[in-house]
Amino acid sequence: MKRVYVNEKWCLGCRLCEYNCAFANSGLDSMVKALKDKPIFPRVHIEEAEGITYAVSCRHCKDPLCVKSCIAGAISIQDGVIKIDKEKCVGCLTCVLVCPYGAVAAGENGAAQKCELCLANSCGEPACVAGCPNNAIVYEER
Amino acid sequence: MSEYVIVGNGVAAAGCIEGIRSADTESSITVISGEDHPVYSRPLISYYLEGRTTIEKMNYRPADFYEKNKVKVIYSRAEHIDSKKQTITLTDKQKLKYDKLCLCTGSSPFVPPFEGLDAVEKKFTFMTMDDSLALEKALNPESRVLIVGAGLIGLKCAEGIAERVGTVTVCDLADRVLSSIMDNECAAVMQAHLEKHGISFMLGDTAVSFDKDKAHMKSGAEVGFDILVLAVGVRAEISLAKEAGCDTDRGIIIDETMLTTVSNIYAAGDCTQGLDSASGEKRVLAILPNAYMQGHCAGVNMAGGKEAVTNAVPMNSIGFFGLHSITAGIYPADSEIYEDHPAGGIKRLYIKNGRLAGYILIGEVDRAGIYTALVREKTPLEEVDTARLRLSPSLAVYKADIRRKKLGGVV
(Lines give C-alpha, C1' and ligand atoms only; values in the text may rest on other atoms or scores of the structure.)
Protein backbone atom coordinates (compact mmCIF):
# COMPACT_ATOMS: atom_id res chain seq x y z
CA MET A 1 0.00 0.00 0.00
CA LYS A 2 1.18 3.51 -0.79
CA ARG A 3 1.95 5.69 2.22
CA VAL A 4 3.37 9.15 2.83
CA TYR A 5 7.07 9.26 3.66
CA VAL A 6 9.33 12.15 4.45
CA ASN A 7 12.78 12.76 3.11
CA GLU A 8 14.21 15.05 5.74
CA LYS A 9 17.29 15.83 3.64
CA TRP A 10 15.11 17.80 1.24
CA CYS A 11 12.66 19.43 3.65
CA LEU A 12 12.98 23.22 3.75
CA GLY A 13 10.59 23.64 6.63
CA CYS A 14 8.42 25.94 4.48
CA ARG A 15 5.20 24.47 5.91
CA LEU A 16 3.44 24.52 2.54
CA CYS A 17 2.38 20.94 3.33
CA GLU A 18 0.47 22.18 6.37
CA TYR A 19 -1.37 24.81 4.32
CA ASN A 20 -2.10 22.46 1.43
CA CYS A 21 -3.39 19.85 3.86
CA ALA A 22 -5.68 22.27 5.68
CA PHE A 23 -7.02 23.56 2.35
CA ALA A 24 -7.56 20.10 0.83
CA ASN A 25 -9.54 19.02 3.88
CA SER A 26 -11.53 22.26 4.26
CA GLY A 27 -14.14 21.37 1.66
CA LEU A 28 -13.82 24.91 0.27
CA ASP A 29 -12.82 25.79 -3.28
CA SER A 30 -10.65 28.79 -2.47
CA MET A 31 -7.45 28.63 -0.47
CA VAL A 32 -7.99 32.21 0.68
CA LYS A 33 -11.44 31.44 2.04
CA ALA A 34 -10.16 28.28 3.69
CA LEU A 35 -7.06 29.64 5.38
CA LYS A 36 -6.87 33.41 5.55
CA ASP A 37 -6.99 35.03 8.98
CA LYS A 38 -8.03 31.95 10.89
CA PRO A 39 -6.40 29.19 12.86
CA ILE A 40 -5.70 26.20 10.64
CA PHE A 41 -5.89 22.55 11.58
CA PRO A 42 -3.60 20.61 9.25
CA ARG A 43 -3.20 16.85 9.57
CA VAL A 44 0.50 17.02 8.82
CA HIS A 45 2.92 19.07 10.87
CA ILE A 46 6.53 20.15 10.59
CA GLU A 47 8.91 19.33 13.41
CA GLU A 48 12.42 20.61 13.83
CA ALA A 49 15.44 18.91 15.38
CA GLU A 50 18.87 20.51 15.40
CA GLY A 51 18.26 22.53 12.28
CA ILE A 52 16.67 19.62 10.42
CA THR A 53 12.99 19.82 9.56
CA TYR A 54 10.62 17.08 8.54
CA ALA A 55 6.89 16.51 8.08
CA VAL A 56 4.97 14.11 10.35
CA SER A 57 1.64 12.59 9.48
CA CYS A 58 -0.23 9.35 10.18
CA ARG A 59 1.93 6.29 9.44
CA HIS A 60 -1.13 4.11 8.72
CA CYS A 61 0.43 1.47 11.00
CA LYS A 62 -0.26 -2.17 10.33
CA ASP A 63 -1.23 -2.74 13.97
CA PRO A 64 -2.54 0.67 14.99
CA LEU A 65 -2.92 1.52 18.66
CA CYS A 66 -5.45 4.26 17.87
CA VAL A 67 -7.88 1.77 16.33
CA LYS A 68 -7.58 -0.60 19.27
CA SER A 69 -7.89 2.20 21.82
CA CYS A 70 -10.71 4.36 20.46
CA ILE A 71 -13.39 4.42 23.16
CA ALA A 72 -16.15 5.16 20.64
CA GLY A 73 -15.23 2.57 18.03
CA ALA A 74 -14.86 5.53 15.68
CA ILE A 75 -11.49 4.59 14.15
CA SER A 76 -11.30 1.78 11.63
CA ILE A 77 -9.02 0.39 8.95
CA GLN A 78 -10.49 0.46 5.45
CA ASP A 79 -8.28 -1.09 2.77
CA GLY A 80 -5.23 -0.32 4.88
CA VAL A 81 -6.19 3.32 5.42
CA ILE A 82 -6.96 4.31 8.99
CA LYS A 83 -10.05 6.50 9.11
CA ILE A 84 -11.87 8.43 11.81
CA ASP A 85 -15.65 8.59 11.74
CA LYS A 86 -16.17 12.21 12.78
CA GLU A 87 -19.82 11.61 13.55
CA LYS A 88 -19.00 8.94 16.11
CA CYS A 89 -15.92 10.62 17.61
CA VAL A 90 -16.65 12.38 20.92
CA GLY A 91 -13.27 14.12 21.08
CA CYS A 92 -11.96 12.26 24.14
CA LEU A 93 -8.47 12.21 22.57
CA THR A 94 -7.58 8.68 23.66
CA CYS A 95 -6.03 8.40 20.17
CA VAL A 96 -3.74 11.31 21.05
CA LEU A 97 -2.83 9.48 24.26
CA VAL A 98 -1.69 6.37 22.39
CA CYS A 99 -0.34 7.47 18.99
CA PRO A 100 3.45 7.04 19.29
CA TYR A 101 4.02 9.38 16.33
CA GLY A 102 1.98 12.33 17.58
CA ALA A 103 0.04 12.13 14.33
CA VAL A 104 -3.53 12.52 15.64
CA ALA A 105 -4.89 15.79 17.04
CA ALA A 106 -8.12 17.55 17.84
CA GLY A 107 -9.60 19.32 14.83
CA GLU A 108 -11.54 22.54 14.63
CA ASN A 109 -14.76 21.16 16.13
CA GLY A 110 -13.03 19.07 18.81
CA ALA A 111 -13.27 15.72 17.02
CA ALA A 112 -9.97 13.97 16.41
CA GLN A 113 -8.47 14.13 12.94
CA LYS A 114 -5.48 12.74 11.13
CA CYS A 115 -4.13 12.16 7.64
CA GLU A 116 -6.42 9.96 5.56
CA LEU A 117 -4.23 10.33 2.47
CA CYS A 118 -6.66 12.81 0.85
CA LEU A 119 -8.37 9.81 -0.77
CA ALA A 120 -11.84 11.08 0.09
CA ASN A 121 -11.38 14.82 -0.49
CA SER A 122 -11.21 16.88 -3.66
CA CYS A 123 -7.45 16.38 -3.97
CA GLY A 124 -7.76 12.60 -4.37
CA GLU A 125 -4.11 12.00 -3.44
CA PRO A 126 -2.00 13.49 -0.64
CA ALA A 127 -2.06 17.26 -1.05
CA CYS A 128 1.07 17.62 1.07
CA VAL A 129 2.99 15.53 -1.47
CA ALA A 130 1.48 17.22 -4.52
CA GLY A 131 2.39 20.67 -3.20
CA CYS A 132 5.84 20.00 -1.76
CA PRO A 133 8.24 22.18 -3.76
CA ASN A 134 11.28 20.04 -3.02
CA ASN A 135 9.93 16.48 -3.19
CA ALA A 136 10.65 16.16 0.52
CA ILE A 137 7.39 14.27 1.01
CA VAL A 138 6.60 11.32 -1.20
CA TYR A 139 3.64 8.99 -1.65
CA GLU A 140 4.86 5.55 -2.53
CA GLU A 141 4.99 1.85 -1.80
CA ARG A 142 7.79 0.73 0.55
CA MET B 1 -13.24 -26.77 14.14
CA SER B 2 -13.51 -25.38 17.66
CA GLU B 3 -16.34 -24.08 19.79
CA TYR B 4 -15.49 -20.67 21.20
CA VAL B 5 -17.62 -19.17 23.93
CA ILE B 6 -17.26 -15.61 25.22
CA VAL B 7 -19.01 -14.57 28.43
CA GLY B 8 -19.74 -10.87 28.21
CA ASN B 9 -20.47 -8.57 25.31
CA GLY B 10 -18.40 -5.46 25.96
CA VAL B 11 -15.30 -4.11 24.31
CA ALA B 12 -13.07 -6.98 25.50
CA ALA B 13 -15.51 -9.42 23.89
CA ALA B 14 -15.42 -7.42 20.63
CA GLY B 15 -11.63 -7.58 20.73
CA CYS B 16 -11.81 -11.31 21.38
CA ILE B 17 -14.11 -11.86 18.41
CA GLU B 18 -11.80 -9.88 16.12
CA GLY B 19 -8.78 -11.70 17.54
CA ILE B 20 -10.31 -15.13 16.93
CA ARG B 21 -11.38 -14.20 13.41
CA SER B 22 -7.88 -12.98 12.55
CA ALA B 23 -6.71 -16.56 13.00
CA ASP B 24 -9.79 -18.75 12.49
CA THR B 25 -12.54 -17.69 10.12
CA GLU B 26 -14.69 -20.81 10.37
CA SER B 27 -15.23 -22.15 13.90
CA SER B 28 -18.33 -21.16 15.82
CA ILE B 29 -18.30 -18.25 18.28
CA THR B 30 -21.05 -17.80 20.85
CA VAL B 31 -21.32 -14.64 22.95
CA ILE B 32 -23.34 -14.60 26.16
CA SER B 33 -24.58 -11.04 26.65
CA GLY B 34 -25.95 -10.07 30.06
CA GLU B 35 -27.00 -6.66 28.80
CA ASP B 36 -29.78 -6.43 26.27
CA HIS B 37 -27.72 -4.41 23.75
CA PRO B 38 -25.20 -5.15 21.05
CA VAL B 39 -21.70 -4.09 22.05
CA TYR B 40 -21.65 -0.36 22.84
CA SER B 41 -19.13 2.10 24.23
CA ARG B 42 -19.74 2.35 27.94
CA PRO B 43 -17.53 5.41 28.45
CA LEU B 44 -19.91 7.33 26.21
CA ILE B 45 -22.83 7.25 28.62
CA SER B 46 -21.91 10.66 30.02
CA TYR B 47 -21.51 12.07 26.48
CA TYR B 48 -25.02 10.80 25.79
CA LEU B 49 -26.46 12.75 28.73
CA GLU B 50 -24.52 15.79 27.59
CA GLY B 51 -26.03 15.50 24.11
CA ARG B 52 -22.68 14.86 22.42
CA THR B 53 -23.63 11.43 21.08
CA THR B 54 -26.74 9.34 20.49
CA ILE B 55 -27.74 5.83 21.50
CA GLU B 56 -27.21 4.76 17.90
CA LYS B 57 -23.74 6.26 17.62
CA MET B 58 -22.75 4.57 20.88
CA ASN B 59 -22.69 1.23 19.07
CA TYR B 60 -19.06 0.17 19.19
CA ARG B 61 -19.23 -1.74 15.94
CA PRO B 62 -21.41 -1.55 12.78
CA ALA B 63 -24.84 -3.21 12.80
CA ASP B 64 -23.61 -6.22 10.81
CA PHE B 65 -20.71 -6.93 13.20
CA TYR B 66 -21.97 -10.24 14.61
CA GLU B 67 -23.30 -11.47 11.30
CA LYS B 68 -20.10 -10.63 9.45
CA ASN B 69 -18.01 -12.40 12.08
CA LYS B 70 -20.39 -15.36 12.24
CA VAL B 71 -21.11 -14.84 15.93
CA LYS B 72 -24.19 -16.14 17.71
CA VAL B 73 -25.28 -13.82 20.53
CA ILE B 74 -27.37 -15.25 23.37
CA TYR B 75 -28.93 -12.55 25.54
CA SER B 76 -28.75 -14.32 28.87
CA ARG B 77 -26.37 -14.74 31.78
CA ALA B 78 -23.83 -17.43 32.52
CA GLU B 79 -24.54 -19.11 35.82
CA HIS B 80 -22.02 -21.90 36.15
CA ILE B 81 -18.88 -23.19 34.48
CA ASP B 82 -17.81 -26.82 34.68
CA SER B 83 -14.15 -26.58 33.77
CA LYS B 84 -13.67 -30.39 33.71
CA LYS B 85 -16.50 -31.11 31.29
CA GLN B 86 -15.89 -27.75 29.61
CA THR B 87 -19.51 -26.71 29.75
CA ILE B 88 -21.24 -23.52 30.73
CA THR B 89 -24.78 -23.30 32.07
CA LEU B 90 -26.91 -20.22 31.51
CA THR B 91 -29.62 -18.81 33.77
CA ASP B 92 -32.27 -20.33 31.48
CA LYS B 93 -30.58 -23.72 32.13
CA GLN B 94 -29.32 -23.91 28.56
CA LYS B 95 -25.97 -25.71 28.51
CA LEU B 96 -23.16 -24.91 26.07
CA LYS B 97 -19.99 -26.82 25.37
CA TYR B 98 -16.73 -24.98 24.82
CA ASP B 99 -13.28 -25.83 23.61
CA LYS B 100 -11.95 -22.39 24.51
CA LEU B 101 -13.72 -19.95 26.78
CA CYS B 102 -13.05 -16.26 27.34
CA LEU B 103 -14.41 -14.46 30.38
CA CYS B 104 -15.11 -10.81 29.58
CA THR B 105 -17.36 -10.27 32.56
CA GLY B 106 -16.25 -6.69 33.25
CA SER B 107 -16.87 -4.96 36.53
CA SER B 108 -19.80 -3.71 38.56
CA PRO B 109 -20.33 -0.62 40.66
CA PHE B 110 -19.36 -1.12 44.26
CA VAL B 111 -22.06 0.15 46.60
CA PRO B 112 -21.05 0.17 50.26
CA PRO B 113 -23.75 -0.79 52.74
CA PHE B 114 -24.78 2.77 53.70
CA GLU B 115 -27.26 3.06 56.51
CA GLY B 116 -30.58 4.39 55.22
CA LEU B 117 -29.80 3.90 51.53
CA ASP B 118 -32.99 1.87 51.07
CA ALA B 119 -35.06 4.94 51.92
CA VAL B 120 -33.51 6.98 49.08
CA GLU B 121 -35.94 6.98 46.20
CA LYS B 122 -33.86 8.34 43.33
CA LYS B 123 -30.50 6.61 43.56
CA PHE B 124 -28.36 5.50 40.66
CA THR B 125 -25.08 3.94 39.72
CA PHE B 126 -23.37 5.11 36.53
CA MET B 127 -21.85 2.33 34.53
CA THR B 128 -24.18 1.05 31.82
CA MET B 129 -26.42 2.45 29.12
CA ASP B 130 -29.45 1.43 31.19
CA ASP B 131 -28.02 3.31 34.21
CA SER B 132 -27.66 6.38 32.05
CA LEU B 133 -31.21 6.16 30.66
CA ALA B 134 -32.65 5.66 34.12
CA LEU B 135 -30.74 8.65 35.49
CA GLU B 136 -31.84 10.77 32.53
CA LYS B 137 -35.49 10.13 33.36
CA ALA B 138 -34.98 11.49 36.87
CA LEU B 139 -33.24 14.72 35.82
CA ASN B 140 -35.00 18.05 35.91
CA PRO B 141 -33.73 21.64 35.85
CA GLU B 142 -34.26 22.06 39.59
CA SER B 143 -32.69 18.77 40.71
CA ARG B 144 -30.08 18.90 43.44
CA VAL B 145 -27.67 16.09 42.65
CA LEU B 146 -25.21 14.54 45.07
CA ILE B 147 -22.53 12.36 43.55
CA VAL B 148 -20.55 10.16 45.92
CA GLY B 149 -17.13 9.67 44.34
CA ALA B 150 -14.87 12.19 42.57
CA GLY B 151 -13.18 9.65 40.32
CA LEU B 152 -13.47 9.26 36.57
CA ILE B 153 -17.02 7.92 36.69
CA GLY B 154 -18.38 10.43 39.20
CA LEU B 155 -16.88 13.43 37.46
CA LYS B 156 -17.88 12.38 33.94
CA CYS B 157 -21.39 11.97 35.31
CA ALA B 158 -21.19 15.46 36.83
CA GLU B 159 -20.14 16.95 33.51
CA GLY B 160 -22.79 15.01 31.62
CA ILE B 161 -25.70 16.27 33.71
CA ALA B 162 -24.45 19.73 34.75
CA GLU B 163 -26.52 21.64 32.19
CA ARG B 164 -29.63 19.61 32.88
CA VAL B 165 -29.97 19.99 36.64
CA GLY B 166 -29.97 22.68 39.34
CA THR B 167 -26.88 21.86 41.37
CA VAL B 168 -24.21 19.18 41.39
CA THR B 169 -22.22 18.41 44.53
CA VAL B 170 -19.47 15.80 44.49
CA CYS B 171 -18.01 14.32 47.65
CA ASP B 172 -15.10 11.95 48.08
CA LEU B 173 -13.17 10.58 50.99
CA ALA B 174 -9.96 11.32 49.06
CA ASP B 175 -8.62 14.85 49.50
CA ARG B 176 -8.40 15.46 45.75
CA VAL B 177 -10.36 14.78 42.59
CA LEU B 178 -9.36 11.99 40.18
CA SER B 179 -7.08 10.52 42.81
CA SER B 180 -6.42 7.38 40.77
CA ILE B 181 -4.83 9.27 37.88
CA MET B 182 -3.66 12.63 39.19
CA ASP B 183 -1.26 14.02 41.74
CA ASN B 184 -2.21 16.87 44.09
CA GLU B 185 -0.93 19.68 41.86
CA CYS B 186 -2.77 18.53 38.74
CA ALA B 187 -5.93 17.53 40.58
CA ALA B 188 -6.12 21.07 41.96
CA VAL B 189 -6.02 22.52 38.42
CA MET B 190 -8.81 20.22 37.27
CA GLN B 191 -10.87 20.85 40.39
CA ALA B 192 -10.67 24.62 39.93
CA HIS B 193 -11.84 24.21 36.34
CA LEU B 194 -14.77 22.01 37.37
CA GLU B 195 -15.74 24.52 40.06
CA LYS B 196 -15.72 27.28 37.45
CA HIS B 197 -18.37 25.25 35.66
CA GLY B 198 -20.60 25.05 38.69
CA ILE B 199 -19.60 21.74 40.26
CA SER B 200 -19.28 21.94 44.08
CA PHE B 201 -16.94 19.70 46.00
CA MET B 202 -16.77 18.24 49.49
CA LEU B 203 -13.41 16.49 49.56
CA GLY B 204 -11.90 14.56 52.44
CA ASP B 205 -15.48 13.98 53.41
CA THR B 206 -18.08 11.46 52.37
CA ALA B 207 -21.62 10.34 53.04
CA VAL B 208 -21.96 7.84 55.85
CA SER B 209 -25.72 7.49 56.04
CA PHE B 210 -28.86 8.70 54.31
CA ASP B 211 -32.35 9.86 55.04
CA LYS B 212 -34.87 10.02 52.24
CA ASP B 213 -33.39 13.19 50.71
CA LYS B 214 -30.47 14.01 52.92
CA ALA B 215 -26.93 12.72 53.32
CA HIS B 216 -25.18 12.74 56.68
CA MET B 217 -21.52 13.35 56.08
CA LYS B 218 -18.51 12.04 57.97
CA SER B 219 -17.68 15.64 58.99
CA GLY B 220 -21.12 16.04 60.54
CA ALA B 221 -22.42 18.19 57.70
CA GLU B 222 -25.75 17.46 56.07
CA VAL B 223 -26.38 17.63 52.31
CA GLY B 224 -29.89 17.73 50.89
CA PHE B 225 -30.44 16.16 47.49
CA ASP B 226 -33.11 15.03 45.04
CA ILE B 227 -30.92 12.63 43.11
CA LEU B 228 -28.11 10.48 44.47
CA VAL B 229 -25.42 8.98 42.22
CA LEU B 230 -23.14 6.37 43.76
CA ALA B 231 -19.77 6.31 42.04
CA VAL B 232 -17.60 5.06 44.88
CA GLY B 233 -15.74 2.54 42.78
CA VAL B 234 -16.04 -0.63 40.78
CA ARG B 235 -15.27 -4.26 41.46
CA ALA B 236 -14.18 -6.84 38.94
CA GLU B 237 -16.77 -9.54 38.26
CA ILE B 238 -14.80 -12.60 39.32
CA SER B 239 -17.38 -14.91 40.88
CA LEU B 240 -17.93 -17.09 37.81
CA ALA B 241 -14.18 -17.53 37.32
CA LYS B 242 -13.60 -18.23 40.99
CA GLU B 243 -16.22 -20.92 41.01
CA ALA B 244 -14.67 -22.46 37.88
CA GLY B 245 -11.42 -22.83 39.80
CA CYS B 246 -9.48 -19.88 38.35
CA ASP B 247 -7.11 -18.07 40.69
CA THR B 248 -8.53 -14.68 41.57
CA ASP B 249 -7.46 -11.73 43.66
CA ARG B 250 -9.01 -8.33 42.95
CA GLY B 251 -9.49 -9.62 39.42
CA ILE B 252 -9.12 -12.87 37.53
CA ILE B 253 -5.41 -13.68 37.42
CA ILE B 254 -4.10 -13.94 33.86
CA ASP B 255 -0.72 -14.45 32.24
CA GLU B 256 0.66 -12.51 29.27
CA THR B 257 -1.42 -14.59 26.85
CA MET B 258 -4.63 -13.87 28.83
CA LEU B 259 -4.84 -17.48 29.99
CA THR B 260 -6.23 -17.95 33.49
CA THR B 261 -4.89 -20.62 35.82
CA VAL B 262 -7.44 -23.09 34.39
CA SER B 263 -6.68 -24.61 31.01
CA ASN B 264 -8.78 -23.43 28.06
CA ILE B 265 -10.24 -20.54 30.07
CA TYR B 266 -9.01 -17.10 29.10
CA ALA B 267 -10.06 -13.75 30.51
CA ALA B 268 -9.86 -10.18 29.25
CA GLY B 269 -10.89 -6.66 30.19
CA ASP B 270 -11.96 -5.02 33.43
CA CYS B 271 -12.48 -8.38 35.19
CA THR B 272 -8.80 -9.29 34.96
CA GLN B 273 -5.69 -8.71 36.97
CA GLY B 274 -2.73 -8.75 34.62
CA LEU B 275 0.73 -7.24 34.48
CA ASP B 276 0.97 -3.47 34.80
CA SER B 277 4.38 -3.03 33.26
CA ALA B 278 4.81 0.45 34.73
CA SER B 279 4.71 -0.79 38.33
CA GLY B 280 5.75 -4.39 37.61
CA GLU B 281 2.78 -5.60 39.63
CA LYS B 282 -0.32 -7.52 38.67
CA ARG B 283 -3.17 -5.03 38.82
CA VAL B 284 -6.67 -4.48 37.57
CA LEU B 285 -6.21 -1.97 34.73
CA ALA B 286 -9.83 -1.15 34.01
CA ILE B 287 -9.35 1.03 30.94
CA LEU B 288 -10.95 0.60 27.56
CA PRO B 289 -7.82 0.32 25.37
CA ASN B 290 -6.55 -2.40 27.67
CA ALA B 291 -9.87 -4.27 27.42
CA TYR B 292 -9.72 -4.30 23.65
CA MET B 293 -6.06 -5.31 23.47
CA GLN B 294 -6.48 -8.06 26.05
CA GLY B 295 -9.59 -9.34 24.28
CA HIS B 296 -7.81 -9.37 20.94
CA CYS B 297 -4.80 -11.13 22.45
CA ALA B 298 -7.02 -13.76 24.12
CA GLY B 299 -8.85 -14.35 20.84
CA VAL B 300 -5.69 -14.88 18.83
CA ASN B 301 -4.34 -17.33 21.39
CA MET B 302 -7.66 -19.17 21.67
CA ALA B 303 -7.55 -19.69 17.92
CA GLY B 304 -4.06 -21.16 18.05
CA GLY B 305 -2.12 -18.01 17.17
CA LYS B 306 0.49 -16.28 19.29
CA GLU B 307 0.06 -12.90 20.90
CA ALA B 308 1.08 -11.44 24.25
CA VAL B 309 0.30 -8.22 26.09
CA THR B 310 3.53 -7.24 27.81
CA ASN B 311 3.47 -3.47 28.04
CA ALA B 312 0.09 -2.49 29.45
CA VAL B 313 0.33 0.64 31.60
CA PRO B 314 -2.25 2.78 33.35
CA MET B 315 -3.24 5.56 30.93
CA ASN B 316 -6.18 7.90 30.53
CA SER B 317 -7.38 10.67 28.31
CA ILE B 318 -10.25 12.54 29.84
CA GLY B 319 -11.63 16.01 29.45
CA PHE B 320 -14.09 18.12 31.42
CA PHE B 321 -15.90 21.18 30.05
CA GLY B 322 -13.36 21.59 27.27
CA LEU B 323 -10.22 21.12 29.37
CA HIS B 324 -8.35 17.95 28.40
CA SER B 325 -6.02 15.88 30.49
CA ILE B 326 -3.83 13.02 29.40
CA THR B 327 -1.96 10.82 31.86
CA ALA B 328 0.09 7.64 31.71
CA GLY B 329 2.34 5.51 33.87
CA ILE B 330 2.98 5.85 37.57
CA TYR B 331 4.11 8.71 39.80
CA PRO B 332 6.71 7.33 42.25
CA ALA B 333 7.27 9.56 45.27
CA ASP B 334 11.05 9.47 44.82
CA SER B 335 10.95 10.61 41.17
CA GLU B 336 12.65 13.64 39.77
CA ILE B 337 9.71 15.83 38.81
CA TYR B 338 9.70 18.33 35.98
CA GLU B 339 6.86 20.84 36.04
CA ASP B 340 5.83 23.45 33.51
CA HIS B 341 2.72 25.48 32.72
CA PRO B 342 2.30 25.64 28.95
CA ALA B 343 -0.69 27.67 27.73
CA GLY B 344 -2.13 28.11 31.21
CA GLY B 345 -2.31 24.37 31.86
CA ILE B 346 0.03 22.13 33.78
CA LYS B 347 2.49 19.45 32.86
CA ARG B 348 4.32 17.16 35.27
CA LEU B 349 6.84 14.57 34.18
CA TYR B 350 7.95 11.87 36.62
CA ILE B 351 11.46 10.63 35.87
CA LYS B 352 12.92 7.69 37.75
CA ASN B 353 15.86 5.34 37.13
CA GLY B 354 16.63 7.10 33.86
CA ARG B 355 13.17 6.43 32.48
CA LEU B 356 9.97 8.43 32.10
CA ALA B 357 7.88 6.63 34.74
CA GLY B 358 4.74 8.65 34.16
CA TYR B 359 3.32 12.02 33.19
CA ILE B 360 0.30 14.23 33.57
CA LEU B 361 -0.70 16.88 31.03
CA ILE B 362 -3.63 19.24 31.46
CA GLY B 363 -4.54 21.72 28.75
CA GLU B 364 -1.82 21.34 26.15
CA VAL B 365 -2.02 17.65 25.19
CA ASP B 366 -0.84 17.61 21.58
CA ARG B 367 1.34 14.60 20.65
CA ALA B 368 1.09 13.18 24.20
CA GLY B 369 1.36 9.70 22.71
CA ILE B 370 5.08 10.26 22.24
CA TYR B 371 5.41 10.51 26.02
CA THR B 372 3.17 7.45 26.41
CA ALA B 373 5.44 5.47 24.09
CA LEU B 374 8.47 6.37 26.22
CA VAL B 375 6.59 5.13 29.30
CA ARG B 376 5.29 1.94 27.65
CA GLU B 377 8.58 1.06 26.02
CA LYS B 378 10.63 2.07 29.08
CA THR B 379 13.00 3.92 26.78
CA PRO B 380 16.27 4.81 28.54
CA LEU B 381 16.35 8.60 28.61
CA GLU B 382 20.03 8.58 27.72
CA GLU B 383 18.86 7.53 24.25
CA VAL B 384 16.71 10.63 23.84
CA ASP B 385 17.16 14.39 23.95
CA THR B 386 15.90 15.12 27.45
CA ALA B 387 15.90 18.90 27.01
CA ARG B 388 13.48 18.51 24.10
CA LEU B 389 11.54 15.90 25.99
CA ARG B 390 10.85 18.44 28.72
CA LEU B 391 9.92 21.12 26.25
CA SER B 392 7.20 19.18 24.43
CA PRO B 393 6.55 15.74 23.02
CA SER B 394 7.78 15.41 19.43
CA LEU B 395 9.72 12.90 17.37
CA ALA B 396 12.64 15.30 17.70
CA VAL B 397 13.29 13.76 21.13
CA TYR B 398 14.66 10.69 19.36
CA LYS B 399 18.10 10.41 17.82
CA ALA B 400 18.13 10.97 14.06
CA ASP B 401 18.57 7.32 13.05
CA ILE B 402 15.68 6.16 15.25
CA ARG B 403 13.47 8.97 14.02
CA ARG B 404 14.27 8.15 10.37
CA LYS B 405 13.33 4.55 10.98
CA LYS B 406 10.01 5.60 12.50
CA LEU B 407 9.18 7.86 9.56
CA GLY B 408 10.90 6.03 6.73
CA GLY B 409 9.25 2.63 6.50
CA VAL B 410 6.12 0.62 7.12
CA VAL B 411 5.43 0.41 10.85
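The values are calculated or read from the model by the stated rules, or taken from the named source; none is laboratory data. Values in this document were obtained by computation on a predicted structure and should not be read as measured data. Note: ideal-geometry Cβ built from the backbone for every residue, glycine included; neighbour counts use all protein chains shown.
Tabulated data for the structure shown
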read-out	value
Residue list for the stretch B:52-81, restricted to those being out of contact with any strand residue (DSSP E or B) (no Cβ under 6 Å at 6 or more places or on another chain) and free of Cβ contacts under 8 Å to residues at least 40 places away in the same chain	B:R52, B:T53, B:T54, B:E56, B:K57, B:P62, B:A63, B:D64, B:E67, B:K68
Filter result for A:G80 (more than 27 Å from B:K399 (Cβ to Cβ), surrounded by fewer than 16 Cβ atoms within 10 Å (Cβ to Cβ) and within 11 Å of chain B (Cβ to nearest Cβ))	yes
Qualifying positions in the stretch B:176-189 - touching a helix residue (DSSP H, G or I) at 6+ places or on another chain (Cβ under 8 Å) and surrounded by 15 or more Cβ atoms within 10 Å (Cβ to Cβ)	B:R176, B:V177, B:L178, B:S179, B:I181, B:M182
Meets criteria (among the hydrophobic types (A, V, I, L, M, F, W, C), in a loop (DSSP other than H, G, I, E, B) and either at pLDDT below 95 or within 20 Å of B:F321 (Cα to Cα) (or both)) for B:V170	no
Residue match in the stretch B:289-307 (condition: part of a loop (DSSP other than H, G, I, E, B) and closer than 29 Å to B:I351 by Cβ)	no
Single match in B:V384, B:V397 (criterion: within 9 Å of chain A (Cβ to nearest Cβ) and surrounded by 14 or more Cβ atoms within 10 Å (Cβ to Cβ))	B:V397
Verdict on B:Y359 being closer than 16 Å to B:K378 by Cβ, modelled with pLDDT of 95 or more, among the aromatic types (F, W, Y) and surrounded by 23 or more Cβ atoms within 10 Å (Cβ to Cβ)	yes
Among (1) without any contact (Cβ under 8 Å) to a residue 24 or more places away in the chain; (2) outside any strand (DSSP E or B); (3) not basic (K, R) - the single one A:I77 does not satisfy	(2)
Helices (runs of 4 or more DSSP H) enclosed by the stretch B:331-411 - at least 1 residues per element that are under 26 Å from B:G319 (Cα atoms) and either in contact (Cβ under 8 Å) with a residue 12 or more places away in the chain or touching a Cys at 6+ places or on another chain (Cβ under 8 Å) (or both)	B:368-376, B:386-391
Residues located in the stretch B:10-39, provided they are closer than 23 Å to A:D63 by Cα and crowded, with 24+ Cβ neighbours inside 10 Å	B:G10, B:V11, B:A12, B:A13, B:A14, B:G15, B:C16, B:I17, B:G19, B:I20, B:V39
Selection from the stretch B:46-75 of residues that are of a type in the set (A, V, I, L, M), more than 9 Å from chain A (Cβ to nearest Cβ) and within 20 Å of the chain's Cα centre (by Cα)	B:L49, B:I55
Close pairs (9 angstrom Cβ cut-off, 6 or more residues apart or separate chains): more than 7 Å from every other protein chain (Cβ to nearest Cβ) in the stretch A:94-109, among the polar types (S, T, N, Q) anywhere	A:C95/A:S69; A:C95/B:S317; A:A103/A:S57; A:V104/A:Q113; A:A106/A:Q113; A:G107/A:N25; A:G107/A:Q113
Residues (surrounded by 22 or more Cβ atoms within 10 Å (Cβ to Cβ) and farther than 30 Å from B:A291 by Cβ) located in the stretch A:23-46	A:F23, A:A24, A:N25, A:P42, A:V44
